[in-house]
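Visitor: I'd like to ask some things about the structure below.
Every number in this text was worked out from the coordinates using simple rules, so none of it is lab data. Because the structure is predicted, anything quoted here is derived from the model rather than measured. Virtual Cβ from ideal backbone geometry, glycine too; neighbours counted across all protein chains shown.
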Amino acid sequence: MKKLGLFLMAIGLLSVTACTSTKLTSSWKTPEARLQQENKIMVIALVPAKERNLRILMENNLVSELKKEGYNAVSAYATYGPDDALAKGDEKAALKKFRNSDVAQVMTIAMVDKSRERSYVPNYGPYGYPYYGGFGPYYRGWYGSMYNPGYYQVNTKYQWDTNLYDLKEKKLIYNAQTDSVDPPTAYRQAYLFAKQIVKDMQKQQLIAKN
């Protein structure tokens, strides 16, 4: 019975861990699109002004991951600083700004939603055993559910929309949507996001595996 309790506790811990995640929900690219390593990619995170630190982290992590694969990526914040129209979330203004520059592609990371969700978490404490045969386990499961109720928790969910524009072709060539639920830190969210995006770009054969 002790082993069963430890097993259920492990499941509970895994459930909590599963609530904290960053995952790709959808993506596509134009069939012929493929980036050249020498071409400059400008990475811009479009977030509210109060999320400036998150903007810097989202840009820097994606730039870092692209550079690891040999691509010439740069951060808009590092290049132009905070006092810029790019920080206001205007994609059209960003594309216009780089149209006559040495930038070949513009990659925008837009925070389309940040919300808080309330969810119920059941209690898998020492008495929270399910019915498993015999009166004893059944009684303990019933007793535990009465005196060890679950609880409600509030999760923070971020939704991101990533677009990659080719300035020469004047068109969108890649889009990805991701969700991040309860990221432990802003850095962790940015790091996992960048990993997911670059991995998907390789899967889509938009960039080559290094």
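Visitor: By the scheme Lys and Arg +1, Asp and Glu -1, what is the net charge of all other residues having a beta-carbon under 11 Å from that of Lys203? Could you put the intermediate results ahead of the total?
Guide: Numbers: positive: Lys29, Lys199, Lys209; negative: Asp200.
Overall, the nearby charge balance is +2.
Visitor: Please give every one of the aspartates and glutamates within straight-line cross-link reach of Lys96, meaning a C-alpha to C-alpha distance under 16 Å, and leave out same-chain neighbours fewer than 8 residues apart.
Guide: Correct list for Lys96: Asp84, Asp166, Glu169.
Visitor: Okay, moving on. Sort 72-80, 30-38 by the packing proxy (mean of other Cβ within 10 Å over each peptide's residues), most packed first.
Guide: Numbers: 72-80: 18.1, 30-38: 13.2.
Final packing ranking: 72-80, 30-38.
Visitor: Take the Cα atoms of the range 35-110, build their convex hull, and give its volume per residue in Å³.
Guide: Details: hull volume 5.9 nm³, N = 76.
Convex hull of Cα atoms, per residue: 78 Å³.
Visitor: With 31 Å as the limit, write out which pairs from Lys50/Lys209; Lys40/Lys195; Lys29/Lys114 have Cα-Cα distances beyond it, or answer none. Walk me through the numbers before you get to the answer.
Guide: Details: Lys50/Lys209 36 Å; Lys40/Lys195 20 Å; Lys29/Lys114 25 Å.
Violating the 31 Å limit, Cα to Cα: Lys50/Lys209.
Visitor: So, counting K/R as plus one and D/E as minus one, what does the shell of residues with Cβ under 11 Å around Tyr71 add up to? Please list the in-between numbers first.
Guide: Values: positive: Lys40, Lys67, Lys68; negative: Glu38, Glu65, Glu69.
The answer is 0.
Visitor: What does the charge count near Leu62 come to, summing +1 for each Lys or Arg and -1 for each Asp or Glu among other residues with Cβ under 13 Å from its Cβ? Write out the running numbers ahead of the final one.
Guide: Working: positive: Arg55, Lys67, Lys68, Lys195, Lys199; negative: Glu59, Glu65, Glu69, Asp200.
Combined, the nearby Lys, Arg, Asp and Glu give +1.
Visitor: Hey, with R₀ at 25 Å, roughly what FRET efficiency would Lys50 and Thr25 work out to, going by the Cβ-Cβ distance, to 0.05?
Guide: Working from the Cβ atoms, E equals 0.50.
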